[in-house]
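Participant: Dropping the structure in here first, questions after.
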Amino acid sequence: MNPESFDLAMMRLAIDQAHNAATVGEVPVGAVIVRDRKVIATGYNHPVGSHDPTAHAEIHALRAAANQAGNYRLGDCSLYVTLEPCAMCCGAMIHARIKRLYYGAADPKTGACGSVVDLMAERRLNHHTQVHAGLLAPECGQVLREFFAARRSGAADSDAARGGGSRGAGSESGGSNNNAVLEDGIEVEFLDNQPDDE
């Protein structure tokens, strides 16, 4: 079945939301919720900046839609998202009674609509969201590929500026510095190994 131009337009709007996430340095995933062919909520991925592991694009959009509707049940709504939802987001959609889900790129690591597990097809659950996979998948995937390529390039550039090795000076200094630079260039401070105050 060919997608309607309306569905394509909604996924393009979700892609715009994904670009918003990338702009603030988050993994670019965007979501849109529609009721009666009208957008009632949007959201983009923001777990790092908000210090909230639940701050996925779908969760932001679901919260905004429920707030706008004055009801946590969204049974007459469709959700469009650029990346296959994880188990947490699928669970939230099931609780909200989302009628239809359209997603773009598959997620082979955490996808819960068939890539790793298929929660939406689990017959024992009390609600079954209709799933439409692969809507504008190449475009959705490209946004993610460009983001991670830029991140890898930026990590390589900053690593070179620090003077080489993927570990960085902080982790090899042998001093009391509790920082480490991982292979992908992300600096980590280990809070559980702080020196004693004695």
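Please treat every number below as a calculation from the coordinates, not as lab data. Since the model is a prediction, treat every value here as computed from it, not as a measurement. Because the Cβ atoms are built from the backbone with ideal geometry, glycine has one as well, and the counts that use them run over all protein chains shown.
Participant: Report the chymotrypsin sites (Phe, Trp or Tyr not before Pro) located in the stretch 32-98 that are in a DSSP loop and have at most 14 other Cβ atoms inside 10 Å of their Cβ, or state none.
Facilitator: Loop-located and lightly packed - TYR72.
Participant: Explain nothing, just the number: relative contact order of the stretch 1-136, from Cα pairs under 8 Å at least 6 residues apart, as a whole percent.
Facilitator: 19
Participant: At each listed q (0.14, 0.19, 0.22 Å⁻¹), what is the log10 of I(q)/I(0) that the Debye formula gives for the stretch 39-118 modelled as equal alpha-carbon point scatterers?
Facilitator: -0.42, -0.78, -1.03
Participant: State the antiparallel share, in %, of DSSP beta bridges confined to the stretch 1-147, rounding to the nearest 5.
Facilitator: Counting only bridges with both partners in the stretch 1-147, antiparallel ones make up about 55 percent.
Participant: Take peptides 129-136, 102-109, 64-71 and line them up by average Cβ neighbours within 10 Å, highest first, as a rough protection proxy.
Facilitator: With the highest mean Cβ count within 10 Å placed first, the list reads 102-109, 129-136, 64-71.
Participant: Evaluate the distance, in nm, between pseudo-label points positioned 7 Å from the Cα of LYS109 and of THR23 along their respective Cα→Cβ axes.
Facilitator: 2.5
Participant: Just in the stretch 23-70: which trypsin sites (Lys or Arg not before Pro) are loop by DSSP and have at most 15 other Cβ atoms within 10 Å?
Facilitator: ARG37
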